[in-house]
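Here's the structure we're looking at; comments come further down.
The values are calculated or read from the model by the stated rules, or taken from the named source; none is laboratory data. None of these values were measured; they are calculated from a predicted model. When we count neighbours, we look across all protein chains shown, and the Cβ atoms used for this are built from the backbone with ideal geometry, even at glycine.
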Amino acid sequence: MSKSEIPSLLASIPDMTGSMVIQDGAVISKSGEMENSDSLAANFIKLVNVGISEQIIPGEPFQTININYIDECTYTVAVAGKKIYIIKRRPLNRDDHDDTASPVTFPSTNATAQ
């Protein structure tokens with residue numbers, strides 16, 4: 001997957017209301033409801049750094065982190081190469097018997113994202 005394909009991939013995620021891409025501590029891309037969310041970038045960077053340094057399963061790096069705010073939104077955070085990808089989605093649609101969310105698929109972490 002080329003670097004130019006990633007914005008169109010992010011835009012095709014169901015229920016997405018915004019996205020942000022961070023590299024080397026700086027926001028390099030943002031869209032939708034995350035257009036004015038620069039203050040969130042530092043929080044997501046901290047979250048990723050903790051996730052990387054304090055692995056829940058030693059030797060197994062996380063692939064995605066999901067943050068669900070019931071009736072508000074869901075953030076999905078992933079790291080690929082040197083970039084942090086954040087997707088903001090509409091609240092999860094749940095029925096009384098289903099406590100699962102449809103997953104977001106990000107570019108493979110094996111890709112050479114720079």
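Conditions tested, residue by residue: (1) in a strand (DSSP E or B); (2) of a type in the set (Ser, Thr, Tyr); (3) in contact (Cβ under 8 Å) with a residue 60 or more places away in the chain; (4) surrounded by fewer than 16 Cβ atoms within 10 Å (Cβ to Cβ).
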| residue | (1), (2), (3), (4) |
| --- | --- |
| 22 | yes, no, yes, no |
| 27 | yes, no, no, no |
| 44 | no, no, no, no |
| 48 | no, no, no, no |
| 51 | no, no, no, no |
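Residue-level check: of (1) surrounded by 15 or more Cβ atoms within 10 Å (Cβ to Cβ); (2) small (Gly, Ala, Ser); (3) at pLDDT 65 or above; (4) part of a loop (DSSP other than H, G, I, E, B), residue 59 misses just (1). Only one entry in 113, 80, 101 is touching a Pro at 6+ places or on another chain (Cβ under 7 Å) and modelled with pLDDT under 55, namely 113.
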